[in-house]
1. Tell me, what does the Kirkwood hydrodynamic radius of the chain come to in angstroms if you use every pair of distinct C-alpha atoms?
2. May I ask which of 183/398; 142/165; 6/319; 184/316; 216/289 have a Cα-Cα span longer than 30 Å here?
3. Report the antiparallel proportion of the DSSP beta bridges in the chain as a percent, rounded to a multiple of 5.
4. Ratio to report: Rg/Rh of the range 9-182, with Cα atoms as the point set and Rh obtained by the Kirkwood method; give two decimals.
5. Relative contact order for the range 9-182: what is it in percent, counting Cα pairs under 8 Å that are at least 6 residues apart?
6. Report the rotationally averaged projected area of the range 325-401 based on its alpha-carbon convex hull, in square nanometres.
7. Exactly which GluC sites (Glu not before Pro) in the range 2-62 are in a DSSP loop and have at most 13 other Cβ atoms within 10 Å?
8. What number, in percent, do you get for the relative contact order of the chain if the mean sequence gap of Cα pairs under 8 Å and at least 6 apart is divided by its residue count?
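The values are calculated or read from the model by the stated rules, or taken from the named source; none is laboratory data. The shown structure was predicted, so the numbers you read here are calculated from the model rather than taken from an experiment. Here the Cβ is made from the backbone with ideal geometry for all residues, glycine too, and neighbour counts use every protein chain on show. Heavy atoms of the whole protein, side chains included, go into the accessibility calculation; ligands, DNA and RNA do not. Shrake-Rupley method; radii C 1.70, N 1.55, O 1.52, S 1.80 Å.
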Amino acid sequence: MSSAEKQRVVVLGVSGGIACYKAVELVRILVRTGFKVQIIMTRGAMEFVTPLTFQTLSGNPVATETFNLTQESEIGHINLADAADLFVIAPATANVIGKISNGIADDLLTTVLMATKAPVLIVPAMNVHMYDNPILQENLRKLRRIGYHTMEPAEGFLACGYEGKGRLPDAEKIAEEIERLLKKKDLSTERVLITAGPNREPLDPVRYISNRSSGKMGYALVRAALRRGADVTLVTGPTALEPPIGARVVAVTTAAEMREAVLREYPNCTAVIMAAAVADYRPVMAAEKKIKRSHGAVELRLEPNPDILKELGQSKDGKWLVGFAAETEDLTANAQKKLREKNLDMVIANNVAEEGSGFDGDTNIATIVDRTGAIRSLPLMSKDDLADRVFDHYLALKSRR
Ligand code: C5P
């Protein structure tokens, strides 16, 4: 960090779980990376680790009490709220998550959080059954809906003796997520159109042909683009995912509807990323009434859907086009072929047959090819991380033009 750059401030709220000791490691990493770390501890947290430990490592006084006059004059709860570039709660207990999601501010941590305008990252850690509890899950969903960022707990042996999901992720992982959330707004001049999810092509009023796309990759791209300051329009097929806050969302079902929505939005955007698994075929005829069961085989006649991305590639008009290629063999060669044939700038190819890659999971293993001929093979990573890599590559390529 150059001395001219303002030191970024992470306000770290520590609530009372056994994972508090890992928050100590997190502070060390953040301080080493150059962050100013201001810590707020709940009463519960102080049962596990003393404020002195955090104070020594962060080099800053630790805030613990709302009504302590010395703390209030030295630190000040509104000052803390204003100073934060990012507000992180790690570990976040079920109790603190419950309070926040219901607007309760009955201690210093929840009060400062209520007053901050900084982005918030919640990192839950608790017993596996507590984490699975539908009340807790509903609270987390509500927080995500409001725009809070959350991390999934890691799996493994829990301090309570159970095994499962509930461990605080490793401090390095939390630090990476913090870095990611604080990334520069380097897409603020971009208007990005992103498609996601599958299509459904009706056979009759109750049946359809579809594919296994979950929409997770496309939604991760939307989150990354929004975080980095882009104006985002999401054209989405049917998915089980929460629509990301801040994007304009156009919901469609069939490939034809997706094409129509994309063509309508196309003139207003600077880039299109087609992460949707567009249905290649549709039934020639969708029956008006439910097709009755009968003996013997039934024949389905299918006709091809238009290739939306190829159509866009024929009238680029300075726009950037990014495609996805789900392959089961000859990854790079097929991706390059697609890039050429559809007149694209980048293709992100993944081998859907490989463990940890492709449909429905939270991770991907991808290779990015671009129109300069560059090939970048990426290791297994979360779809959120891959989304950032796609935009990093996009910006690097664009700056070379
Ligand atoms: O040709 P293929 O289906 O493998 O190409 C994949 C890329 O093309 C994806 O980005 C996908 O969203 C897009 N596509 C499309 N219209 C289709 C089929 C695929 O836009 N009919």
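1. 23.3 Å
2. The pairs that break the limit, which is 30 Å between Cα atoms, are 6/319; 216/289.
3. Close to 30 percent.
4. Here the Rg-to-Rh quotient is 0.93.
5. Reported relative contact order: 24 percent.
6. Convex hull of Cα atoms, orientation-averaged projection: 4.8 nm².
7. When the GluC sites (Glu not before Pro) of the range 2-62 are filtered for loop state and at most 13 Cβ neighbours within 10 Å, 5 remain.
8. 10 percent
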